Structures are given as C-alpha cells and as structure tokens.
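Participant: Let me begin by handing over the structure; questions about it come next.
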Amino acid sequence: MVNKSPSLEIRAIAKHIRISAHKARRVINLIRGASYEQTLILLELLPYGACYPILQVIYSAAANATHNMGSNKADLFVSRAEVNEGTPLKKIQPRARGRGYPIQKPTCHITIILEEM
C-alpha cells in the first residue's frame, strides 16, 4: 500500500560531511526551488567540491520519494534545502619543543526536502 499524503515531507539528511558549511551553502543556494532534473544537471556541471555530497543527498531523497511514497521523480522539486554547521573534527599537529598545535576541520549537516509539483 502506497501513502500519498500531502502533509508528509520527503527528506534526506547527511550528517558530519567533511566540508565547511559556507562552501556547501554556496551550492545549496543555487538549487533551492529547482526541479529534480534541473538540480541533477546543475550539480553535475558545477565545479565545486561540495556538489558531490549534495548530489548524493538529492539521490537519497528521490529514492525515499519513490520507495516510501510512490512518487514519480519527474514531479519532484527541492522545496527546502539547508546546511547547518556540524561539530569540528579536532586533531593535533606536533610542533617544535614537544608542543601541539590544534587543528579544527569543519563539518556540516545537509538537509534536503523534496515535494511534488
């Protein structure tokens, strides 16, 4: 039995992605409100490194739509897309005289919500 309730949102979340939130937001702002096919074309042609993890989240959200809701991929569009900062990855770089230099690498959480037209 397939649920086609308009109140349910089709979402996919990727957490602790090793890219800064600022760089991911640059790409997310371009795809917000676009159709599914248009989003795929944009993400495959843009030269940014953040495109690949965002593309994976878009694929996952579309798979959730077809499997869980019985939706057609051609009717989907990105209704909401957001990037939040995650916990930084903390490392220590050894320095002279036995000191340690802290390194913090940023992470982010990507949330994509699709809706049918």
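Since every read-out is calculated from the coordinates, none of them should be taken as a lab result. Not measured: the values here are computed from a predicted model. So basically every Cβ, Gly included, is an ideal-geometry build from the backbone, and we count neighbours across all protein chains shown.
Participant: Looking for whichever is surrounded by fewer than 16 Cβ atoms within 10 Å (Cβ to Cβ), out of contact with any Cys (no Cβ under 6 Å at 6 or more places or on another chain), without any contact (Cβ under 8 Å) to a residue 40 or more places away in the chain and in a loop (DSSP other than H, G, I, E, B) here; the options are TYR52, TYR48. Which one fits?
Facilitator: Result of the check over TYR52, TYR48: TYR48.
Participant: Next up: Can you tell me which residue is nearest to the chain's Cα centre (by Cα) among those in region 93-117 that are surrounded by 15 or more Cβ atoms within 10 Å (Cβ to Cβ) and outside any strand (DSSP E or B)?
Facilitator: For region 93-117, the residue satisfying everything is THR107.
Participant: Here are some conditions: (1) in a helix (DSSP H, G or I); (2) surrounded by 14 or more Cβ atoms within 10 Å (Cβ to Cβ); (3) within 12 Å of the chain's Cα centre (by Cα); (4) not aromatic (Phe, Trp, Tyr). ASN29 meets all but one. Which one does it not meet?
Facilitator: (2)
Participant: Out of all the residues in region 61-81, which are touching a helix residue (DSSP H, G or I) at 6+ places or on another chain (Cβ under 9 Å), of a type in the set (S, T, N, Q) and in a helix (DSSP H, G or I)?
Facilitator: The one that is touching a helix residue (DSSP H, G or I) at 6+ places or on another chain (Cβ under 9 Å), of a type in the set (S, T, N, Q) and in a helix (DSSP H, G or I): THR66.
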